[in-house]
1. Hey, can you tell me all the residues within region 38-53 that are surrounded by fewer than 21 Cβ atoms within 10 Å (Cβ to Cβ) and assigned to a loop (DSSP other than H, G, I, E, B)?
2. For region 41-96, enumerate the residues that are closer than 23 Å to residue 193 by Cα and in contact with a Gly (Cβ under 6 Å, 6 or more places away or on another chain).
3. In this structure, does residue 77 turn out to be in contact with a His (Cβ under 9 Å, 6 or more places away or on another chain), surrounded by 15 or more Cβ atoms within 10 Å (Cβ to Cβ) and more than 18 Å from residue 6 (Cβ to Cβ)?
4. If residue 111 satisfies every condition in (1) more than 23 Å from residue 11 (Cα to Cα); (2) surrounded by fewer than 16 Cβ atoms within 10 Å (Cβ to Cβ); (3) over 15 Å from the mean Cα position of the chain (by Cα); (4) not polar (S, T, N, Q) but one, which is the exception?
5. Of the residues 138, 161, which single one is open to solvent by less than 60 Å² (accessible area, probe 1.4 Å), over 14 Å from the mean Cα position of the chain (by Cα) and among the hydrophobic types (A, V, I, L, M, F, W, C)?
6. Identify, by number, the condition in (1) surrounded by 22 or more Cβ atoms within 10 Å (Cβ to Cβ); (2) closer than 16 Å to residue 190 by Cβ that residue 67 doesn't meet.
Amino acid sequence: MVQLAILRHGHTPWNRAGRIQGRTDIALEESAAADLARLRLPGEWAGADLVASPLKRAVETARLVAGRDPAVDPALIEMDWGDWEGLHGLDLKADANSGFRDIEDWGWDYRPPAGESPADVWARLDPWVKSLKRDTVAVCHIGIMRVLLAQAHGWNFSGSAPFRIKRNWLFLIDLKDGLKVGTPERIKLLERGA
């Protein structure tokens, strides 16, 4: 069975500030890069295919935890947040006229102004997922992970998500007969030397 392991990139200054990054190409913050340099992929994933979003925060995370350069695939680029990129999510949430919604109220067709919906993201991910022939580690973004995990869990972006995305964990998805949650569901990155 082919498995996909997805990993969220490390922190950036925009993450810390609560700004919506989307496709804005922000590098890792120095402390995040130093922390990631102390981590590595678990042994069973060290030889898997390695691919990353083309954004530098994902490429750098992949390089640091795998010790090698990833292939880059545009299908893994973050969800396009359109007019909201660079803005603070809390400010949008506080503005009743912004149209901003919490993820539990999105549905598959929710779209930021001039941005992408989860359905749009899945439309570009689906052919990529179907092309995978070997176990693959994909270093990407929370928006990409939400869509992949929603598909694996059968969640429709309505109500509480059946998963919580954490950094420094590989989230496993089985790719036989569609996407299914892996067993185990997630594996923590290891300390180098452990």
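1. Result: 38, 42, 47, 48.
2. 61 - this is the single residue of region 41-96 that is closer than 23 Å to residue 193 by Cα and in contact with a Gly (Cβ under 6 Å, 6 or more places away or on another chain).
3. Details: in contact with a His (Cβ under 9 Å, 6 or more places away or on another chain): yes; surrounded by 15 or more Cβ atoms within 10 Å (Cβ to Cβ): yes; more than 18 Å from residue 6 (Cβ to Cβ): no.
Considered against the rule, which asks whether it is in contact with a His (Cβ under 9 Å, 6 or more places away or on another chain), surrounded by 15 or more Cβ atoms within 10 Å (Cβ to Cβ) and more than 18 Å from residue 6 (Cβ to Cβ), residue 77 comes out as no.
4. The failed condition is (2).
5. Details: 138 fails: over 14 Å from the mean Cα position of the chain (by Cα).
After applying the criteria, what remains is 161.
6. The number of the failed condition is (1).
Residues checked against (1) without any contact (Cβ under 8 Å) to a residue 12 or more places away in the chain; (2) out of contact with any strand residue (DSSP E or B) (no Cβ under 9 Å at 6 or more places or on another chain); (3) under 22 Å from residue 124 (Cα atoms):
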{"site": "8", "(1), (2), (3)": "no, no, yes"}
{"site": "14", "(1), (2), (3)": "no, yes, no"}
{"site": "21", "(1), (2), (3)": "no, yes, yes"}
{"site": "28", "(1), (2), (3)": "no, yes, no"}
{"site": "66", "(1), (2), (3)": "no, no, no"}
{"site": "85", "(1), (2), (3)": "no, no, yes"}
{"site": "100", "(1), (2), (3)": "no, yes, no"}
{"site": "103", "(1), (2), (3)": "no, yes, yes"}
{"site": "107", "(1), (2), (3)": "no, yes, yes"}
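Rundown of residues vs (1) charged (D, E, K, R); (2) within 17 Å of the chain's Cα centre (by Cα), yes/no style:
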position	(1), (2)
20	no, yes
62	no, yes
69	yes, no
75	no, yes
82	no, no
87	no, no
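The values are calculated or read from the model by the stated rules, or taken from the named source; none is laboratory data. Because the structure is predicted, anything quoted here is derived from the model rather than measured. Quick reminder, even Gly has a Cβ in these numbers, built from the backbone with ideal geometry, and neighbours come from all protein chains shown. Accessible surface is based on the protein model in full, side chains and every heavy atom, while ligands, DNA and RNA are left aside. Shrake-Rupley method; radii C 1.70, N 1.55, O 1.52, S 1.80 Å.
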